[in-house]
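First the structure, in the form of structure tokens, and then the observations on it.
Rule-based calculations on the coordinates, nothing more; no lab input. This is a predicted model, so every value here is computed, not measured. Neighbour counts run over all protein chains shown; Cβ positions are idealised from the backbone, glycine included.
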Amino acid sequence: MRMSEPTATPIHATAEQLSQVTWDANGLVPAIVQEHGTGRVLMLAWMNEESLRRTLEEGRTVFWSRSRKELWRKGDTSGDRQWVREASYDCDGDTLLFVVDQDGQGACHTGERSCFFRSFGDSDPHLHVSS
């Protein structure tokens with residue numbers, strides 16, 4: 001946990017850049033969240049146009065919950081906030097990437113630092129194979 005709260009870094013996207021985002025049939029786009037400094041992928045979530053706009057304006061990640069059908073700002077409940085440092089979109093405009101400073105324990109609701117803590121194959125310590 002940080003000793004002092006980081007400051008938000010709003011991202012000033014142009015209308016032309018925002019028009020490059022390709023939304024799916026539900027008006028959503030996947031957003032990958034990567035940790036600043038380590039490059040570790042922390043999570044993948046979904047954004048609609050409003051959550052993208054708020055994320056860029058506020059400098060904190062805001063996502064769209066497909067199950068609850070509502071916006072949610074990462075860390076409002078858990079305290080595990082994400083402070084945006086960089087924002088980009090891929091060559092097709094159909095995936096977003098946010099580089100963040102991660103506050104608290106981590107990005108995963110399970111308490112892990114990253115949602116990608118399980119591996120395929122024999123190297124996954126979280127899987128227990130019974131005989």
Completion exercise
Most fluctuating of Phe63, Phe116, Phe98 in the GNM of the chain (C-alpha, under 10 Å) is Phe116
Fill in the blank from the handout: Here FRET efficiency (C-beta to C-beta, Thr7 to Thr77, R₀ 22 Å, nearest 0.05) is 0.50
Problem - Within a Gaussian network of the chain (alpha carbon springs, distance under 10 Å), most fluctuating of Asp80, Asp103, Asp92 - result: Asp92
Completion exercise
Cys in the chain lacking any partner Cβ under 4.7 Å -> Cys91
Exercise for the section: Can you bin segment 11-70 into rounded, prolate or oblate? Criterion: square roots of the alpha carbon gyration tensor eigenvalues sorted a ≥ b ≥ c, rounded for a/c under 1.5, prolate for a/b above b/c, oblate for the rest. Expected result: oblate
Problem - Percent of Cα pairs exceeding the 22 Å cut-off, where the set is segment 1-114 - result: 26 percent
Problem - Net charge dipole size for the chain [Lys, Arg +1 and Asp, Glu -1 on Cβ; Debye, nearest 20] - result: 360 debye
Problem - Crossing angle, helix 49-58 versus the chain [Cα axis fit, 0-90 degrees, rounded to tens] - result: 90 degrees
Exercise for the section: Take the alpha carbon atoms of segment 10-65, find their center, do the same for segment 89-106, and report the distance between the two centers in whole angstrom. Expected result: 7 Å
Exercise for the section: Would you mind telling me which residue in Gln102, Gln20, Gln82 has the biggest mean-square fluctuation in a Gaussian network model of the chain, where springs connect alpha carbons within a distance under 10 angstrom? Expected result: Gln20
